[in-house]
Each structure stands twice: as C-alpha cells, then as structure tokens.
1. So which residues in region 329-357 are without any contact (Cβ under 8 Å) to a residue 24 or more places away in the chain and under 30 Å from residue 117 (Cβ atoms), if there are any at all?
2. Just one of 207, 135 is acidic (Asp, Glu), out of contact with any helix residue (DSSP H, G or I) (no Cβ under 6 Å at 6 or more places or on another chain), modelled with pLDDT under 90 and not assigned by TED's automatic domain parsing to the domain that holds residue 260; which is it?
3. Is there any pair with a first residue in region 158-172 that is on the phi > 0 side of the Ramachandran plot and assigned to a loop (DSSP other than H, G, I, E, B) and a second that is at pLDDT below 95 and aliphatic (A, V, I, L, M) whose Cβ atoms are under 9 Å apart and which are 6 or more apart or on different chains, and what are they?
4. Return yes when residue 331 is outside any loop (DSSP other than H, G, I, E, B) and more than 30 Å from residue 122 (Cα to Cα) and no when it is not.
5. Search region 334-370 for residues being of a type in the set (S, T, N, Q) and in a loop (DSSP other than H, G, I, E, B), and hand back the single one that is nearest to residue 308 (Cα to Cα).
6. Please specify each residue of region 41-92 satisfying the condition of being surrounded by 20 or more Cβ atoms within 10 Å (Cβ to Cβ), in a loop (DSSP other than H, G, I, E, B) and over 18 Å from the mean Cα position of the chain (by Cα).
7. Restricting region 164-178 to residues that are under 15 Å from residue 307 (Cα atoms) and among the hydrophobic types (A, V, I, L, M, F, W, C), which is surrounded by the most Cβ atoms within 10 Å (Cβ to Cβ)?
8. Looking at (1) at pLDDT below 95; (2) on the phi > 0 side of the Ramachandran plot; (3) surrounded by 21 or more Cβ atoms within 10 Å (Cβ to Cβ), which is the one condition that is false for residue 343?
Amino acid sequence: MATLARRIIRQLRRDERGAIGVLVAVLLAGGVLTGMGALVIDIGQLYQVRAEQQNGADAGALGVAKSCVLGMCDPRIAAGFADANASKLTGNKTGVSLVCGSGVGLTICPAGSGAKTDCPAPAGPSYVDVYTSTDTASGSTLLPPVFARSLLGNSSYRGTNVVACSQAAWGAPSSATAVALAIPACEWDQATQQGSSFAPPPTYPPDPLPAPSFDEVLRLSQGTGGGGCASEPAGAAGPGTFSALAHPVGNCTTLIRPLTFQGRSPANYVSPSCQQLLDDAQDNKTPMLVPIYTSAAAGNPPTYTLKGFAEFVVTGYHLPTIDAPDWLDPANNCAGSTYCLNGYFVRGVIPSTGSLNGTDLGALVIELTG
C-alpha cells in the first residue's frame with residue numbers, strides 16, 4: 001500500500017490532471033470511503049428515527065392535551081400518534097415510555113435528569129409530557145445498526161435506544177379573533193353553572209345531540225342590558241341577551257383584546273356578514289368563538305368589558321332579515337319583533353392565539369412548549 005502511494009505522489013508531481021480521480025481510487029482501494037459511507041448510513045438512520053420519534057411525541061402530547069381540555073386526560077392516545085409517525089426502519093412502531101403531567105388522569109412527572117432529551121420544566125399549570133423511545137416490530141428496544149457492528153469490530157454492539165420528549169400546555173387566551181357578537185358573563189354563568197356543565201361538542205353523529213335543556217334563547221340587546229346576577233360584580237349585564245359588535249365591513253370577526261372592546265351602532269342591527277356567519281354555523285353545527293363580557297357602558301357605540309372567550313353552538317335564530325328554526329328545541333323558536341339567537345356552550349380547542357393567561361370559559365388553546 002505504501003509503495004502504491006509513493007508512486008501516485010510522484011505521478012501527481014508531474015501532472016495534476018486527474019488528481020481527484022486518483023485520490024478517490026486510493027481511498028476506495030483502502031476501504032476509507034466505503035467505511036465512511038457505511039457510517040453515514042447508520043448515522044442517517046439514527047437521525048431519521050430520532051426525527052420520527054420527536055414528531056410522534058409532539059403529536060402525542062397535542063392529542064393527550066386535547067383530551068384533557070375536553071374533560072379527562074387519556075394517556076393511551078399518545079401510542080397511536082407515536083406509531084403513526086414511525087417508518088419501516090422500526091416496523092412502523094415507536095414506544096411511549098412515559099406520559100405524565102398536571103391534567104386529571106395523569107401521573108406527576110418525575111424530576112428531570114438534565115439530559116438534552118428531557119422535557120423542560122412546565123411552562124404553566126396545565127401541561128402534559130410525552131416521552132418516546134425505540135420499540136421495533138420485533139419487540140426490541142434498540143435500533144439495530146446496518147454496518148456499525150462490523151466496522152467497529154465489536155460483535156456485541158446491538159444498536160441504540162433512541163429517545164425523544166415533547167411537552168404541550170393549554171390555557172385560555174387573553175386575546176383572540178372572535179365573532180362580532182358578544183354574550184354577557186351572567187348568561188355564561190347561568191347556562192354552564194359557572195363552568196361546571198357544558199353540552200357535548202359536535203360532531204353529531206357520531207356523538208348524540210345534547211339534551212334540549214342546554215338550549216338557550218338570547219335576545220338581541222339594545223346596548224347595556226342591565227340586571228346583573230349574583231355570580232358577577234355589581235353592574236354586570238344580565239343574562240338572556242347578546243349584542244352586536246363593531247367589525248370590518250364584510251367580515252363578522254374582530255380581534256378582541258382586554259380590557260374593553262367596541263359595540264356596534266346602531267346596537268340593534270346585525271350586519272349581513274354576521275347573518276351569513278350565523279347561517280353557516282347553524283347549518284353546519286360548528287361552534288363559533290364569542291367574547292364574553294361582564295359589563296357594558298352605554299354610549300354610541302357602547303363599550304364592553306371582556307371576561308374571556310367561549311365556544312357557542314348556534315341552534316337557531318330569528319333576526320330582521322333571516323330566520324332559521326331551532327334544530328335542538330323547536331319550542332325555543334322566536335317570531336315577530338323579538339329578535340333572538342339560540343344555542344349552547346361547549347368546551348373546545350381553538351387555534352393558537354395570544355398568551356395563555358386568560359380566564360377559562362371553555363375555549364382553550366394548546367401549544368407545544370418543549
């Protein structure tokens with residue numbers, strides 16, 4: 001080998017043409033490129049499986065977090081998401097070694113070891129951690145090497161246990177883009193028994209329809225809608241009403257931030273874009289995100305004080321130019337000059353928006369935090 005190298009060097013001194021090709025030939029003859037290529041395959045395989053496990057942990061954490069938001073955490077959900085993100089490298093399987101967190105039905109997470117593959121400290125009071133690890137179709141917890149065992153000359157090397165972790169947190173947003181229709185907090189308190197009783201969310205089917213007793217009738221307010229209730233501070237708007245809000249022309253949604261937001265003038269007019277939105281929501285039985293307010297200050301337009309955001313399913317309505325019969329409780333249909341909106345509140349997950357420090361009224365955001 002040394003004699004061959006000296007001959008090549010002498011040749012290179014006379015003529016540099018073809019030097020790269022000659023060097024490649026030498027490396028191939030010595031097995032260097034073959035060994036490097038073999039190691040690249042093994043390392044690439046490790047990186048791919050690590051990425052698959054991270055994707056599985058992310059999806060699993062979001063899935064378990066959603067189950068927590070809807071009532072009871074179900075850690076079994078994580079396994080399905082983990083396997084769904086695996087490839088043939090592990091026989092389309094990924095192990096879930098631990099699901100823990102703060103939600104109902106979860107175990108408390110152990111103290112972190114400080115390893116890079118650990119989940120971070122919780123970012124908030126409501127979170128779930130999902131840890132994934134190697135689990136092949138054959139039942140092995142090691143990712144077997146392709147070439148590394150023979151290259152390293154270590155026949156006892158059987159592979160690597162690849163691990164990943166993901167953390168998801170959930171909470172109520174402090175601001176959000178919501179439908180330009182507002183409902184008083186006294187109504188939310190009364191309808192949900194202050195957050196202890198929500199109707200089952202869509203879709204129907206496969207889920208059964210809620211009981212008709214969940215169906216509320218809200219009348220269009222002319223402005224402040226006083227009356228109050230025992231569950232809210234003095235000066236709160238009373239239950240049984242809803243109000244139209246200011247919004248861009250042709251778009252019945254508006255960004256609402258604390259602490260106050262604007263009503264519509266005239267207050268007793270629901271715009272065509274909002275009527276179209278109500279028509280779609282009622283027809284498709286899809287929840288719409290609505291702001292919930294505590295009090296309203298009279299004015300032109302009136303001003304509302306934000307409490308939080310809720311998910312409201314429209315069952316029917318009777319407005320100046322459109323009408324849709326109530327599909328849950330026909331006895332709640334309105335007529336004549338009594339303009340109303342019918343529906344009920346559900347818990348649900350909304351698109352990520354704003355910081356998670358709002359008041360929990362059933363509309364929650366889930367985010368990956370680690």
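1. 351, 352
2. Details: 207 fails: not assigned by TED's automatic domain parsing to the domain that holds residue 260.
Exactly one of 207, 135 is acidic (Asp, Glu), out of contact with any helix residue (DSSP H, G or I) (no Cβ under 6 Å at 6 or more places or on another chain), modelled with pLDDT under 90 and not assigned by TED's automatic domain parsing to the domain that holds residue 260, namely 135.
3. 159/142; 159/143; 159/148
4. Working: outside any loop (DSSP other than H, G, I, E, B): yes; more than 30 Å from residue 122 (Cα to Cα): yes.
Considered against the rule, which asks whether it is outside any loop (DSSP other than H, G, I, E, B) and more than 30 Å from residue 122 (Cα to Cα), residue 331 comes out as yes.
5. Ranking the qualifying residues of region 334-370, first place goes to 357.
6. Listed by number, the list holds a single entry, 86.
7. Filtering region 164-178 for residues under 15 Å from residue 307 (Cα atoms) gives 171-178.
Next, only the ones that are among the hydrophobic types (A, V, I, L, M, F, W, C) stay: 172, 176, 178.
On the way: 172: 22, 176: 25, 178: 27.
Applying the filter and picking the extreme gives 178.
8. Residue 343 satisfies all of (1) at pLDDT below 95; (2) on the phi > 0 side of the Ramachandran plot; (3) surrounded by 21 or more Cβ atoms within 10 Å (Cβ to Cβ) except (1).
The values are calculated or read from the model by the stated rules, or taken from the named source; none is laboratory data. Owing to the predicted nature of the structure, the values given are computational and were not obtained by experimental measurement. Backbone-built Cβ (ideal geometry, glycine too); neighbour counts: all protein chains shown.
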